[in-house]
Amino acid sequence: MRSVVLLSGGIDPVSGRPAPPSGEIAAIGLALSAGGAVGGVHVGLPAAALGQAAGHGLGQIACLRGVGDPVAILAAHLSAAPPDLVLAGSRACGGEDSGMLPYLLAERLGWPLLAGVVAIGTVADGWLPVTIGLPLGARQDARIRLPCILCAHDAAPAPPFVFDRARRVAMHAVAVADAETIAPPEGTERPYRARPRLIGSAAPAGGGRVLDNPDPAEAARVLLDHLRALGMLDA
Amino acid sequence: MTGRPRRDPRAERARCLVPGGARPRLVRAGWDGMAIVPDAGPREPVMIRLETPAFWVAAVVEAPDGRLDRWGRQTLGSARVLAGTDGGVVALLVGRDVAEAVGEAGADRVVCLETAIGPDAMPGAMLAALAPFAPRHVVLAESPAGGDWARRLAARSGWPIQTGVEMLSARQAIRPVGGVRRERAAVPARLLTLPIDRVAPYGGTRREGRPCPAPDVPAMAARIQVGPVIAAQAAGMPLAEAPFVMAAGHGVRDFDSFHTLSRLLGATEGASRVVCDAGLMPRAAQVGASGTVLDARCYLAVGIAGAPQHLQGLGKVEHVVAVNTDLHAAIVARAGLSIIADAQAVMPALIALLRGEG
Ligand SMILES: Cc1cc2nc3c(=O)[nH]c(=O)nc-3n(C[C@H](O)[C@H](O)[C@H](O)COP(=O)(O)OP(=O)(O)OC[C@H]3O[C@@H](n4cnc5c(N)ncnc54)[C@H](O)[C@@H]3O)c2cc1C
Ligand SMILES: Nc1ncnc2c1ncn2[C@@H]1O[C@H](COP(=O)(O)O)[C@@H](O)[C@H]1O
């Protein structure tokens, strides 16, 4: 099994200092749990955040130095020596942050993709079993054909950071052919302004129904009916 | 005593009060029973029917359990914003049919897609369903499923996409970029995804929500097989993720009943700080400013006063239910249902009822 983790560099959203997004650290954890050789790939110049990501368990990172569409560069690089598994984060942090890159790559390579992966199992007759994390702690089992692309869930277990590994990582620049250029995004860019969320949509307006001093049996009946109506007791 | 005549404000109020209506309404000139009473009697249901709008805007809405949630309503609301007065809104409903509610939420047409289609075939099925409408925009929720479909759709169709739009009008969409330190304002793209609580749901006149036939889903060589969703076990679930939390406050003394009840209801256990400080519940169970902020749908507060520090932990909770002996406790003002009774009596009664039923 050979896995490749896609690393985007990135910054910490609070401090602005170089840091890998949490989804990419989770992706490294998934790659390590799959066993076999694991390597990192980044389109662009070596960056400080890459070393920090490597501290979570990568021995080597290939930095593809080409000009143009990173999807095309990655697709060319991956199809030259196809790995079994490509792992990505849910979205980058510090660039366009749309989370589109793995999807565009999957479409271009014609590989299947699953997002929100929290755990992967061992391959059995060409299928890789994975566990998908859903809101409210729910889980879903799925199987996917190899080779494939998996986007890690941000909350998937992250391997611990080892400073020495971050220091020793071998980052080699790989010269690649230039790809087609992509149009810069439209619109005007400016500093972020936090806008308030809609309020009052979570809490019902005003007080609700009040049952003053019911006898216990009646109170229990009303409580149960109310919880049933909210759909909390079907499961 | 001589002098000015005494006023009786209560009698005056009763004289001015217009009967009927949900809220008291006073007519200072005096209510003589002749004025027109608004809101009295059932109103004729009005509905907007749109035959051939200038263009279509589509909204993809998840309704796995046949219920249209807040996020789904907001997604439809933003499609209405983009449609303006000339456009029509078509709802692509993934899950069970809720046509009635979808019309209320602003949809002119509804197409139902099955959840069983699976993520790999979904963009093809969506494109087939959208083809007759040639929508100018397609709006999705930036939820795990909605965000996934949106990106698959964008990759398949090549349509430009703006993800996580935080402000939306017909002419402009603003989304954070650069690690939420910068933002970009641009003309709304063909595909948009919306986080929760950013755009208001539709509040206008009911729309038709006319059902349209679903497209045939082309068979694909299966590259992905998805199993059923497994709901988490309430007991072992992290408090921050749990959908249903039952919490004990200082008013709970009978903890055996509390634990039994939480197990029977399938609720995750929480507690107020007083209870955690007393060592009656683990610190990890503390709800509030210095504990866990919940993401639950329902919160059952037993013997909890509802101090501000505690209520901060209920940020996103939609339904609060309170059992408390004090009618004036702050939690009662936040609750959708309050039982003013002794928790030590209500809990055993509820246990008996649940045991008797099942
Ligand atoms: C800096 C700071 C941070 C804090 N952070 C938190 C926090 O994170 N989480 C938190 O919970 N608190 C927090 N607190 C404490 C908070 O202010 C309250 O003291 C606490 O929440 C009160 O807990 P309670 O409602 O269980 O107890 P009480 O205030 O004692 O209320 C008990 C309630 O139970 C009712 N009751 C009594 N007997 C019965 C009965 N037999 N049946 C039914 N009801 C009954 C009473 O009417 C009352 O309403 C914080 C305080 C500070 C100063
Ligand atoms: N320049 C890049 N080189 C390698 N991988 C990348 C690059 N940019 C993004 N990725 C991967 O794609 C994911 C989503 O990124 P994005 O689409 O930019 O939000 C990231 O978490 C990375 O795993």
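Every read-out reported here was derived from the displayed coordinates using simple, explicitly stated rules and does not represent laboratory data. As the structure is a prediction and not an experimental result, all values here were calculated from the model. Note that each Cβ is placed from the backbone with ideal geometry, even for glycine, and that neighbours are counted across all protein chains shown.
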(message) I want the local charge near B:P176. Using Cβ-Cβ distances under 12 Å, sum +1 for each Lys or Arg and -1 for each Asp or Glu among the other residues.
(response) +3
(message) Give me A:E180, B:E183 sorted ascending by neighbouring Cβ count inside 10 Å, so fewest comes first.
(response) A:E180, B:E183
(message) Below 13 angstrom from the Cβ of B:I230, what's the summed charge of the other residues (Lys, Arg +1; Asp, Glu -1)?
(response) 0
(request) May I ask you to list the residues of the range A:34-55 whose amide nitrogen lies under 16 Å from a point 7 Å from Cα along the Cα→beta-carbon direction of A:D84? (result) A:34-39
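Need one value for A:156-165: mean number of C-beta atoms belonging to other chains within 10 Å of its residues' C-beta atoms.
0
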(request) Give the span of chain B's Cα atoms along each principal axis, as three whole-Å numbers ordered largest to smallest. (result) 82, 63, 49
(request) Could you pull out every residue, at least 5 positions away or on a different chain, whose amide H is within less than 5 Å of the one on B:H137? Hs are placed 1.01 Å off N in the peptide plane, and Pro or chain starts have none. (result) B:A58
(request) With a point put 7 Å past each Cα toward its Cβ, work out how far B:H259 is from A:E180 in nm, to one decimal. (result) 6.5 nm
(request) Quickly rank A:111-122, B:281-292 as a protection proxy: mean count of other C-beta atoms within 10 Å, highest first. (result) A:111-122, B:281-292
(request) Stick to the Cα atoms of the range B:185-342, pair each with every other, and give me the Kirkwood hydrodynamic radius in Å at one decimal. (result) 18.6 Å
(request) Compute from the Cα atoms of the protein assembly as shown the Rg and the Dmax, the latter being the longest Cα-Cα distance, and quote both in angstrom. (result) 27.9, 107
(request) Divide by every residue of chain B the summed helix terms, -39500 (n - 2.57) for each DSSP H run of at least 4, and state the resulting mean residue ellipticity at 222 nm, rounded to the nearest 500 deg cm²/dmol. (result) -7000 deg cm²/dmol
(request) Take every residue in peptide B:258-271, count the Cβ atoms of other chains within 10 Å of its Cβ, and give the average of those counts. (result) 1
(request) Could you check the simple spin-label distance between B:R206 and A:L136, using points 7 Å along Cα→Cβ, in nm with one decimal? (result) 2.8 nm
(request) Output ³J(HN,Hα) for the range A:130-137: one whole-Hz value per residue in order, computed from phi by the Karplus curve 6.51 cos²θ - 1.76 cosθ + 1.60 with θ = phi - 60°, and x for Gly and Pro. (result) 10, 10, 9, x, 10, x, 6, x
(request) May I ask what percent, to the nearest 5, of DSSP beta bridges between residues of the range A:2-175 are antiparallel? (result) 30 percent
(request) Between beta-carbons, use under 15 Å as the cut-off and find the net charge around A:P159, counting Lys and Arg +1, Asp and Glu -1. (result) -2
(message) Counting C-alpha atoms alone, how compact is the range B:58-196: give Rg to one decimal and Dmax as a whole number, in angstrom.
(response) 13.9, 41
(request) Only residues of the range A:61-102 count here: report those whose backbone N is under 12 Å from the spot 7 Å along Cα→Cβ of A:L146, or say none. (result) A:83-86
(request) Could you work out the mean count of beta carbons from other protein chains within 10 Å of each residue's beta carbon in A:185-196? (result) 6
(message) Check which residues have an amide H placed less than 5 Å from A:S98's amide H, if you skip close sequence neighbours.
(response) A:A92
